[in-house]
Amino acid sequence: MTGSKVLKATGILALVGVAATAWLGLWVTPDAVGFPHGLVRLLYIHPPMAWVAFVAYGMAFLSSMLYLWPRTRHIRFDRMAGASAEVGVVFTGLTLATGSIWGRPTWGVWWTWDPLLTTTALLFVLYLGYLALRRVPGDPEVVARRSAIAALIAFVDVPVVYFSVSWWRSLHQAPTIDFTGRHLYVHGSMAWTLLLGFVSFTLAYAWLTAHRYRLAGLQDSEADEGLRYALDERRAEGLGPA
Amino acid sequence: MSGYIEAGYTIVLATLATYSISVLVREKAARRRLSVSAALGAEPATVSPVAGDAPSDAPADEGVLQ
């Protein structure tokens, strides 16, 4: 199977999985005790959004490390870091939006300066800054290096977000899935739907990042093409009559 | 169900759909621009103006990138 076919298959699987998660989450799974207005149904989208954001920033961190490491330095790692971080920002925005929608009927407010919410908002802003930094013009190597360093710095906030509910007194519940203790706090059809949500949105992340990575490559080629064109013009003018 | 749940699902699905379409459209447009530019590059006269193309009364430095 070629890369394109794998990518297409990933896209179709992600689409089917996300649709199935929405169908199961909205109409099939039961309501849970302790969650008024059926709000537990937001469980199938809110934690997967946060999970995918972490995966995206993890990939940006890894790619940036590989770019900075002299033996593995290649522009493709810089492109991958940028692509993954951009997708991560989209998912972080959705984490904040779905969390806010869940918080309003539960806590009575759209937003509160809770440690988890605050560190997540900080994460969002940090990576927005990272994306802005990537757009600051300069020599491509210098831009890639400073972006890689910024990605490493921004990633420091990821474990802080995850452990903030344990480190500080928080309004937010503890994580639904305890990755350190390997414990899942939901059962039955709810657990399967949640698992499907995690897998489907992760596939969506992979598909989106692959396309964004391709786009970055094309944009770099366009920039090279433009530079070559300008140099050709300049050379031709140099040959003209004095 | 309360409106909150529908709002949550709508925001997630609509945002992801919009972002996916935007990436695909930009990718397609970049591919098209590159293929057009490659096709133009195959014709040297259009990309690299040959000496003597400039009008004889034009200043020597006209059009030179500053």
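The candidates A:GLU222, A:GLU237, arranged from most to least accessible area with a 1.4 Å probe in the full protein assembly, appear as A:GLU237, A:GLU222. The length gained on full extension between A:LEU239 and A:LEU7, counted as 0.36 nm times the residue separation minus their Cα-Cα distance, comes to 78.7 nm.
Relative to the longest principal axis of the Cα atoms of chain A, helix A:188-239 runs at roughly 10 degrees.
Taking the convex hull of the Cα atoms, report for the stretch A:1-115 its projected area averaged over all directions, in nm².
Orientation-averaged projected area of the Cα hull: 10.0 nm².
Taken over the Cα atoms of the stretch A:5-239, the convex hull encloses 159 Å³ per residue. To test your reading of the geometry: what angle, between 0 and 90 degrees and rounded to tens, separates the Cα axis of helix A:115-134 from the longest principal axis of chain A? That helix lies at roughly 10 degrees to the long axis.
Just want to confirm a number: the relative contact order over chain A, from Cα pairs under 8 angstrom separated by 6+ residues, in percent.
Details: 243 pairs, mean separation 74.5, N = 242.
Dividing the mean separation by the residue count of chain A yields 31 percent.
Of the residues making up the stretch A:9-24, those losing 10 Å² or more of accessible area when the isolated chain is joined by the remaining protein chains, with a 1.4 Å probe, are A:VAL18, A:ALA22.
Per residue, the solvent-accessible area of the stretch A:5-239 (1.4 Å probe, heavy atoms of protein chains only, all protein chains present) comes to 52 Å².
Per-residue packing, averaged as other Cβ atoms within 10 Å, sorts the ranges A:135-143, B:12-20, A:202-210 into the order A:202-210, B:12-20, A:135-143, beginning with the highest. Based on DSSP H segments of at least four residues, each scored -39500 (n - 2.57), chain A has a per-residue ellipticity at 222 nm of -26000 deg cm²/dmol. Compute the accessible area of each residue in the stretch A:210-228 twice, once for its chain alone and once with every protein chain present, using a 1.4 Å probe on heavy atoms, and list those whose area falls by at least 20 Å². Residues meeting the cut-off: A:HIS211, A:ARG212, A:ARG214, A:LEU215, A:LEU218, A:GLU222, A:GLU225. Share of carbon and sulfur in the accessible area of chain A stands at 68%, probe radius 1.4 Å. Contact with the other protein chains removes 50 Å² or more of accessible area, compared with the isolated chain and a 1.4 Å probe, from these residues of the stretch A:36-57: A:ILE45.
A plus B alone minus the pair: what accessible area, both sides summed, probe 1.4 Å, in Å² to 100? The partial results should precede the final answer.
Details: alone 14450 and 6130 Å², together 17070 Å².
When A and B are taken together, about 3500 Å² of accessible area is lost.
Give the angle, between 0 and 90 degrees and rounded to the nearest 10, that separates the Cα long axis of helix A:75-107 from the longest principal axis of the Cα atoms of chain A. The answer is roughly 30 degrees. Shielding of peptide B:13-25 by partners, expressed as the average count of other chain Cβ atoms within 10 Å per residue Cβ, is 5.
The values are calculated or read from the model by the stated rules, or taken from the named source; none is laboratory data. Computed from a prediction, not measured in an experiment: that's the story for all the values here. Here the Cβ is made from the backbone with ideal geometry for all residues, glycine too, and neighbour counts use every protein chain on show. The accessibility values were calculated without ligands, DNA or RNA, using every heavy atom of the protein model including side chains. Shrake-Rupley method; radii C 1.70, N 1.55, O 1.52, S 1.80 Å.
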